[in-house]
Amino acid sequence: MHAPIRTLLVTMPIALSLGFPLGMECGTPLGLSQASAQTLRPVQPPPSLTPKQNASPQAPAAPLPPPLSVAEQRFRDLSTRVRAQGAIDDAVRTELRSLSALLDTDLAAPTTSRDVALRLLAARIQCAIWLEDNAAIDAAFTRLTAMNPTSEATALAWARELIAMAQFERAAQLLQSREFTTRAIDAKIALGDALTGLHRFDEAQASFNTAPGGRTDAQQKAISDGTYRTQTLREMFEKELVAMDRDQTRGDLPLVQLMTSQGPIELELFEEQAPNTVGNFIEHVEAGHYDGTTFHRILRGLGVQGGDPATAEGAAGGKSTGGWTIPDESDRADRRAPLAGRLIMAKQAPTTGAREVPAPHSAGSQFVVLLSPMEELDGKYTVFGRVTDGFDAARMLTPEDTIVSARVLRKREHDYKGVRFSEAASGNFNMPRTIAEGGNRAAPASAASPSGVGGINLGSTPDSKLTPPSPIQPVQPPKSVQTTKPAQTTKPVPPAKPAPAPR
């Protein structure tokens with residue numbers, strides 16, 4: 001599978017430029033207090049503020065300056081290749097890793113001047129974005145901010161990347177830690193997106209509402225889209241709080257532990273709303289089908305996909321059903337919402353050529369842990385559980401990580417076995433898709449043009465530092481909801497043998 005192409009616009013004092021879009025909106029595991037469910041006011045531009053009309057065509061960009069190093073020339077050549085082929089394949093990925101190492105060497109050299117480092121850091125960030133290397137993105141932006149602390153565009157670009165990583169709390173803290181003047185509109189939009197992901201809906205709406213005047217059509221559309229999304233998620237959020245209250249009062253839903261190489265992840269399964277899917281999942285767990293499998297597909301900032309038994313034997317993943325497929329339970333009136341921290345069943349791509357709607361009744365054993373709210377999946381994918389502990393571990397998963405073992409911690413007094421729809425053994429489980437792969441969440445309008453909003457000015461600035469954003473804290477269930485003792489129909493499962501230590 002080709003990786004999405006995401007680029008970073010960099011406006012250098014000497015006119016080195018690339019392209020960079022706004023990151024996708026993200027979320028957090030549900031479990032906030034009822035105070036987060038708030039009344040929203042539709043956003044309207046102030047009467048005196050009207051969107052800017054499309055400006056006259058801009059003059060052609062100035063030619064690029066001569067490259068400063070072999071690494072910068074390689075970066076330019078590789079950028080041209082990526083743009084030409086429209087995807088990042090394995091060969092390009094290998095070259096990107098090699099180039100990243102060369103850039104790191106140049107950046108570490110004591111003879112590298114500040115101006116040269118600024119240009120090389122821009123290239124290093126772009127390589128990290130193409131490789132979806134969150135740690136490298138973070139490290140490069142940290143250094144870039146220290147060198148250019150008053151740049152609004154640098155702070156905005158970093159915040160957008162944090163949102164794209166599903167690190168929305170850090171993004172909000174970064175945006176709120178400084179004043180924006182030249183990029184105030186885009187900063188308000190980004191802050192609204194981050195706060196929406198945190199389920200702080202009134203604050204998100206206020207951020208959209210208070211974006212200053214002089215908005216472009218693209219910025220106004222981004223505000224309108226953000227408002228609609230905030231309202232949609234708020235409705236889902238309130239319903240989910242009610243459902244969680246019922247779940248915790250009942251206290252006997254099945255629990256499963258995935259011992260991963262990043263640590264344990266505990267899952268609570270929604271048997272009331274997805275009984276067949278839960279039965280199917282527990283059947284696979286108890287058969288050992290998940291032991292030794294990898295998280296073969298990472299949807300950056302959106303979710304992590306695993307559960308392909310073939311990966312335990314070294315296969316690339318994404319093809320096995322686990323032996324059969326099951327009927328959908330995604331159209332029930334009481335279906336659960338696809339919010340952050342939720343489990344959905346991965347489904348197969350349709351044979352009709354549609355890019356957004358998965359094939360019906362095509363789920364098997366593969367599942368996705370959502371890292372951000374994905375409201376556009378509602379009614380298309382069965383939501384059958386949630387992460388109750390270990391969400392930080394889930395966010396750290398990579399394709400190299402494995403499920404060391406999976407075991408049932410608790411279940412009710414009956415057999416668990418899903419009704420099967422077909423005995424198909426394989427399929428193409430690349431649904432849901434990312435935006436770049438044809439998913440149906442529109443990218444923010446302000447990111448549509450690589451020459452538009454979001455440039456980073458790396459010119460000389462006074463030497464001061466931003467306060468580093470604090471680490472994300474896990475979100476806990478509502479304090480007002482107390483978990484009762486399990487019902488009498490609950491059958492504890494005897495403890496399994498100790499799992500091998502995570503690697």
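Can you sort 236, 165, 374 so the residue with the fewest Cβ neighbours within 10 Å comes first?
Values: 236 17, 165 23, 374 28.
Ascending number of Cβ neighbours within 10 Å: 236, 165, 374.
Debye-formula intensities of region 149-283, expressed as log10 I(q)/I(0) at q = 0.15, 0.16, 0.20 Å⁻¹, are -0.83, -0.88, -1.09 (one equal scatterer per alpha-carbon, no solvent). As an equivalent ellipsoid, region 252-429 spans semi-axes of 20, 19, 17 angstrom, where each value is the square root of five times an eigenvalue of the C-alpha gyration tensor, largest first. DSSP loop GluC sites (Glu not before Pro) in region 345-407 with at most 13 other Cβ atoms within 10 Å of their Cβ, which ones? Passing both the DSSP loop test and the Cβ count: 400.
With r defined as the distance between the Cβ atoms of residue 351 and residue 73 and R0 fixed at 41 Å, what FRET efficiency is calculated, to the nearest 0.05? Kindly include the intermediate steps, with their values, before the conclusion.
Values: r = 45 Å, r/R0 = 1.10.
Here the calculated transfer efficiency is 0.35.
Sparsely packed loop sites in region 142-183 (the trypsin sites (Lys or Arg not before Pro) outside DSSP H, G, I, E and B with at most 15 other Cβ atoms within 10 Å) comprise 178. Rounded to the nearest 20, the size of the Cβ-charge dipole of region 252-429 about its Cα centre is 320 debye, with Lys and Arg at +1 and Asp and Glu at -1. Work from the charge dipole of region 252-429 (Cβ charges, +1 for Lys and Arg, -1 for Asp and Glu, about the Cα centre) and give the residue of 337, 287, 255 farthest towards its positive end. Checking the options against the dipole of region 252-429, the answer is 337.
Taking loop as defined by DSSP and a crowding limit of 11 other beta carbons within 10 Å, which GluC sites (Glu not before Pro) in region 127-234 fit?
Numbers: sites: 132, 152, 161, 169, 179, 203; in loops: 132, 179.
For GluC sites (Glu not before Pro) across region 127-234 that sit outside H, G, I, E and B with at most 11 neighbouring Cβ atoms in 10 Å, the list reads 179.
Modelled spin labels at residue 245 and residue 135, positioned 7 Å past Cα toward Cβ, are 4.3 nm from each other.
Values quoted throughout were computed directly from the atomic coordinates according to the rules given, and no laboratory measurement underlies them. Here the structure is a predicted model, which is why all the values come from computation and not from measurement. Neighbour counts are summed over all protein chains in view; Cβ atoms, including those assigned to glycine, are modelled from backbone coordinates with ideal geometry.
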